[in-house]
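**Q** Below you will find the structure I want to go over with you.
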Amino acid sequence: MTTKYIFVTGGVASSLGKGIIAASLAKLLQARGLRVTIQKFDPYINIDPGTLNPYEHGECYVTEDGAETDLDLGHYERFLGIHTSKANNVTTGKIYHTVITKEREGAYLGKTVQIVPHITDEIKRRMLLLGKSGDYDVIITEVGGTVGDMESQPFVEAMRQLQWELPEDDFLSIHLTLIPYLKAAKELKTKPTQHSVQELQALGVHPDIIVCRTEKELSPELRHKIALFCNVKPGHVIQSIDAWSIYQVPLNMEEERLDQMVVDKLGIPDLPAPDLTALKNFLTKLKNPERSVDIALVGKYVELQDAYKSIQESFVHAGVANECEVRVHTVHAEHVSKENVGELLGGMNGILVAPGFGERGLEGKICAVQYARENKIPFFGICLGMQMAVVEFARNVLGYEDAASTEVSPQTSHPVIALMESQKSTTIKGGTMRLGAYRCSLVPGTLAHSIYGQEEILERHRHRYEFNNAYMEEMTGRGLVVSGTNPDTGLVEIIEIPSHPFFIATQFHPEYKSTPESPHPLFVSFVGAAIERAKVSRRRQDRRPAFPGGFHGL
Ligand code: GLN
């Protein structure tokens, strides 16, 4: 079988969930035995989202090979259980960078370098690249942005060309749109979809399938009308109704027969029905938790729900593994102070201090760590969260009042977190952090070792600063345990405090590797510890007299 290319574009509005639709289709095709991967083409000019503030674009996801990518790649990995790579996320910036570098090298000598054909040729080369590896039967390409945007036009133009250059059986185009419901008129409206498809067709791309995001069921008449006005086969208009969980979407798409339409159009014969048993079991447990816990996520980008996407999803997976609903309460690090920390975090069964950059909210994070440590609330720190746990320990256990990370206090007399040697000469910001998967050896007998149940692990990184090993002896002498280090460099990867019921922090980002079918062991154990904590708090409450002041007043 030749490699098949499926393109997913979006219309009418952004944030319709193209990534989830692409990932759901990929899941169905994978569950039918095909080897599938997904790539995202983003229209912005940044080379990658690594230099973007999460407020601009949500979380920056990191792949095993160290690419800083769009958060949709996180969905792809979680839905498919595969690893994506640098090649799976392409931006306009990357395309232009390649073409301009080649121009300077003289690759186009004598020619005027133009959007068509030079930019579009480079886009097409990248669109087909993963297919050339022979590792995949199907490549799904999600084109970021909304059709009609000036920025995404070269991508749509490249699709248009491929539509004719690839054999007819190897190309398929899906357009995702929105069908708004007008409450006052009590009607679903198809006009924006008609306009969006017209726009796509004006660019020369003909959608094979239209997927309609909707709050309400689309009637057969409405589907027929859309097919008629948008010039697609009757039956090739399907709905994607608001789902209670993103992991339900593959099942909804199966019900709409999306995968069958796709394999028919691509001429892939004789596939078994999708085996979705594991996903169905996961959803049954997600829907019917036996218990619940409250966990605080202390971070500085909490206003934006996508800023900590992988952490939020890891809690969903770990919740299911514990048959527990994890209620994640985002707490703005900037709002946490010594005065209010008890009020904000006292009712929590676990506290997670999130990754981040820069000074804003740091003191609040340190307060949160201290509160968790002193009150024996299960604690989990990730990246900057680990760094602040080290600072807190240095300040409040070792008594170094001005202990800090040199990221924000270069002059501190106790730089317990400091720039890695290899980073000192780096002046360029993009793509120069310690990125991607590194090995970590676990120390037998530690909490980390018992959680992972293995000697060596591979976890993903995204940071410049590190535990300063000059303080190792002093800290371990006072009860901190370094339970994981990089075997090649000796860099500290995991710390824990054994005198605490559950206090663990990692320099790496475990959240990037959690999936529904393979929940991350650190998150699973953290939720487990929170469940224990919740039991203790409940018992304590039960023992309290029913009338808080006793019966003295009677
Ligand atoms: N800002 C810190 C560093 O660069 C932590 C980064 C993070 O939390 N991802 O080391």
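The values are calculated or read from the model by the stated rules, or taken from the named source; none is laboratory data. Computed from a predicted structure; not experimentally measured. Methodologically, a virtual Cβ is constructed for each residue, glycine included, from the backbone with ideal geometry; neighbour enumeration extends over all protein chains shown. The protein model used for the area step is the full one, side chains on, heavy atoms only, and it has no ligands, DNA or RNA in it. Shrake-Rupley method; radii C 1.70, N 1.55, O 1.52, S 1.80 Å.
**Q** I'd like to know which of TYR247, MET472, ILE494 lies farthest towards the positive end of the charge dipole of the chain, counting +1 on Cβ of Lys and Arg and -1 on Cβ of Asp and Glu.
**A** Farthest towards the positive pole: TYR247.
**Q** When Lys and Arg each count +1 and Asp and Glu each count -1, what net charge do the other residues less than 9 Å away from ILE417, Cβ to Cβ, add up to?
**A** Net charge around ILE417: -2.
**Q** Also, quick follow-up: With +1 on the Cβ of every Lys and Arg and -1 on the Cβ of every Asp and Glu, and nothing else charged, how large is the dipole of region 85-125 about its Cα centre, in debye rounded to the nearest 20?
**A** I would put it at about 100 debye.
**Q** Rank by packing, highest mean first: peptides 421-428, 233-240, 151-158, 312-319, with packing defined as the count of other Cβ atoms within 10 Å averaged across residues.
**A** Sorting 421-428, 233-240, 151-158, 312-319 by mean packing, highest first, produces 312-319, 151-158, 233-240, 421-428.
**Q** Excluding ligands, DNA and RNA, what is the solvent-accessible area per residue of region 146-287 at a probe of 1.4 Å, expressed in Å²?
**A** I get 50 Å² per residue for region 146-287.
**Q** Please give every one of the lysines within straight-line cross-link reach of LYS376, meaning a C-alpha to C-alpha distance under 18 Å, and leave out same-chain neighbours fewer than 8 residues apart.
**A** LYS376 reaches LYS338, LYS365, LYS535.
**Q** In percent, what relative contact order does region 26-76 have, based on Cα pairs under 8 Å that are 6 or more apart in sequence?
**A** Reported relative contact order: 30 percent.
**Q** About the Cα centre, and with charges only on the beta carbon of Lys, Arg (+1) and Asp, Glu (-1), how big is the dipole of region 382-513? Nearest 20 debye, please.
**A** 400
**Q** Which residues does a label at ASP306 reach in region 237-253, if reach means a backbone N under 16 Å from a point 7 Å past the Cα toward the Cβ?
**A** So the set is 246.
**Q** Separation between the ALA278 and ARG478 pseudo-spin-labels, each 7 Å from Cα along Cα→Cβ, expressed in nm?
**A** 4.5
**Q** Another question, if that's okay. Under the definition of Cα pairs under 8 Å and six or more residues apart, what whole-number percent is the relative contact order of region 223-372?
**A** 21
**Q** Placing +1 on the Cβ of each Lys and Arg and -1 on the Cβ of each Asp and Glu in region 97-176, which of THR101, VAL138, ALA158 has its Cα farthest towards the positive end of the resulting dipole?
**A** Checking the options against the dipole of region 97-176, the answer is THR101.
**Q** Something else: Just the number, please: carbon plus sulfur as a percent of the accessible area of region 205-289, 1.4 Å probe, no ligands or DNA/RNA counted.
**A** The C+S portion of the solvent-accessible surface of region 205-289 is 51 percent.
**Q** Related question: Mind checking the full-extension length gain between ARG540 and ARG439? Use 0.36 nm per residue of separation minus the Cα-Cα distance, one decimal, nm.
**A** Extra length from ARG540 to ARG439 when fully extended: 32.2 nm.
**Q** Still on this structure, I have one more. What does the charge dipole of the chain about its Cα centre add up to, to the nearest 20 debye, if the Cβ of each Lys and Arg holds +1 and the Cβ of each Asp and Glu holds -1?
**A** 920
**Q** OK, next. Of HIS83, ILE47, MET420, which is farthest towards the positive pole of the chain's charge dipole, taken about the Cα centre with +1 and -1 on the beta-carbons of Lys, Arg and Asp, Glu respectively?
**A** HIS83
**Q** Could you do me a favour and compute the accessible area per residue for region 1-61, 1.4 Å probe, result in Å²?
**A** 31
**Q** Any idea how far apart GLN201 and VAL397 come out in nm if each label point goes 7 Å out from Cα toward Cβ?
**A** It is 6.8 nm.
**Q** While we're looking at this one, here's another question. I'd like to compare 535-542, 285-292: which one has the highest average count of other Cβ atoms within 10 Å, and what's the full order after that?
**A** Answer by packing, highest mean first, reads 285-292, 535-542.
**Q** What does the accessible area per residue of region 418-492 come to in Å², with a 1.4 Å probe and no ligands, DNA or RNA counted?
**A** 49
**Q** Assuming a strict under-21 Å limit between Cα atoms, what lysine pair count do you get for region 233-324 once near-sequence pairs (fewer than 8 apart, same chain) are dropped?
**A** Value for region 233-324: 4.
**Q** Accessible area of TYR96, 1.4 Å probe, to the nearest 10 Å²?
**A** Per-residue accessible area (TYR96): approximately 80 Å².
**Q** Straight distance only, please: which aspartates and glutamates reach the Cα of LYS124 with their own Cα at less than 13 Å, same-chain residues fewer than 8 apart left out?
**A** Output for LYS124: GLU157, GLU165.
**Q** Order of 187-195, 477-485 by packing, highest average Cβ count within 10 Å first?
**A** My ranking of the peptides, most packed first, is 477-485, 187-195.
**Q** Using a Förster distance of 41 Å, how high is the FRET efficiency between ARG327 and SER14, based on the Cβ-Cβ distance and rounded to 0.05?
**A** Plugging the Cβ-Cβ distance into 1/(1 + (r/R0)^6) gives 0.90.
**Q** Further question on the same structure: So between THR101 and LEU52, what do we pick up on full extension, going 0.36 nm a residue minus the alpha carbon distance?
**A** 15.3 nm
**Q** Using a Förster distance of 22 Å, how high is the FRET efficiency between GLU339 and ARG360, based on the Cβ-Cβ distance and rounded to 0.05?
**A** Using R0 = 22 Å, I get an efficiency of 0.70.
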